[in-house]
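Report on the structure given below.
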């Protein structure tokens, strides 16, 4: 509601910022779907919490690290 | 996951999350119309973290302005609340802080500006402390004015949103009045009309806040009778009820942050200690 008291240009800027943040969230969700190799659908990802996604990201990071160390193919 | 086995989306999916915290409501579950709140035995209500879908909702500009986002997210994160439009506003801050805490953790960074030097600083707020402060406040819904005992209720989120939007619209008219091509007389008419609407809004808000008026002889709950009484009562009565409503509202305001200045800041002219009001906005509340 506070955004309404801002000048018009500032409201547009805020709306654009929010739009970019939404795109970033969707990008992160899709990246996690890809890294989970099909075990999680986008629909599943939409109902995960921030904490769940942090844990998943940690698993992905660990797996990438293990792949690097072992020299196994990643793709 | 489940869909891969059965091939159809699992309707129970929204129940997969676990509650992160349990909170008491400042209203103690009072003032909710029937069906709006599924009351618990112990007065503690589960709060679930926001899902990615909720976070996206929180970043939808139009829905944010008309209050729809807040309603959807509250109903998603506090399933005991069946109709979030009917939440008494005294519960609103506690609910939003609890959802923020359940989703992102106990602390929240806010940016402040040091007086005099205007230096920007970041402070870490403890949301648990705020919840404790707000959850223990009691709402006094009675005020004695002469022979009348007036029972009040906090506005619902729906009434609050409507009032705020209408106030904003009228204030916008005030602001733009000087810039549009109207004669002084026309401007005055528009100004008076807008001013009257704002006054009427304050009266309607007061009428919505009165639940019942009692004397030794009778008790009135009929909203039309209360409206007629308020419209015809003297200024003092109106003012006393309004003061009581304001005082109760203030009890649920978050205490300002007390900041101690450093030696260097004091030398630069900053007061040794100062208070900064805590306000939550979209940029810091739901990161």
Residue under evaluation residue A:73, criteria (1) within 14 Å of another protein chain (Cβ to nearest Cβ); (2) at pLDDT below 90, criterion not met: (1)
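Please report, ordered by residue number, the helices (runs of 4 or more DSSP H) entirely within chain A with at least 2 residues that are exposed (fewer than 12 other Cβ atoms within 10 Å of the Cβ), free of Cβ contacts under 8 Å to residues at least 60 places away in the same chain and within 11 Å of the chain's Cα centre (by Cα).
In chain A, the matching helices (runs of 4 or more DSSP H) lie at A:8-35.
Does the stretch B:250-262 include one or more residues that are part of a helix (DSSP H, G or I) and either modelled with pLDDT under 90 or under 30 Å from residue B:106 (Cα atoms) (or both)?
Checked the stretch B:250-262: at least one residue is part of a helix (DSSP H, G or I) and either modelled with pLDDT under 90 or under 30 Å from residue B:106 (Cα atoms) (or both).
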Total residues in the stretch A:37-56, condition in contact with a helix residue (DSSP H, G or I) (Cβ under 7 Å, 6 or more places away or on another chain), farther than 21 Å from residue B:73 by Cα and more than 8 Å from chain B (Cβ to nearest Cβ): 1
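Mind listing whichever residues of the stretch B:70-89 are assigned to a helix (DSSP H, G or I) and within 14 Å of the chain's Cα centre (by Cα)?
Taking the stretch B:70-89 first, the residues assigned to a helix (DSSP H, G or I) are B:70-77, B:84-86, B:89.
Hits for the stretch B:70-89 are B:70, B:71, B:74, B:84, B:85, B:86, B:89.
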Residue B:43 vs. criteria more than 7 Å from every other protein chain (Cβ to nearest Cβ) and in contact with a strand residue (DSSP E or B) (Cβ under 6 Å, 6 or more places away or on another chain): yes
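Please pick out the residue among B:89, B:71, B:137 that is crowded, with 21+ Cβ neighbours inside 10 Å, in contact with a helix residue (DSSP H, G or I) (Cβ under 8 Å, 6 or more places away or on another chain) and touching a residue at least 24 places away in the same chain (Cβ under 8 Å).
Numbers: B:89 fails: crowded, with 21+ Cβ neighbours inside 10 Å; B:137 fails: crowded, with 21+ Cβ neighbours inside 10 Å.
None of the other options fit; the residue is B:71.
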Single condition residue B:137 does not satisfy, out of (1) modelled with pLDDT under 90; (2) part of a helix (DSSP H, G or I); (3) within 18 Å of the chain's Cα centre (by Cα): (2)
Count of the stretch B:90-129 residues which are over 18 Å from residue B:30 (Cβ atoms) and assigned to a helix (DSSP H, G or I): 12
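The values are calculated or read from the model by the stated rules, or taken from the named source; none is laboratory data. Note that the structure is a prediction, hence the values are computed from the model and not measured. With ideal geometry, Cβ positions are generated from the backbone for all residues, glycine too; neighbour counts draw on all protein chains shown.
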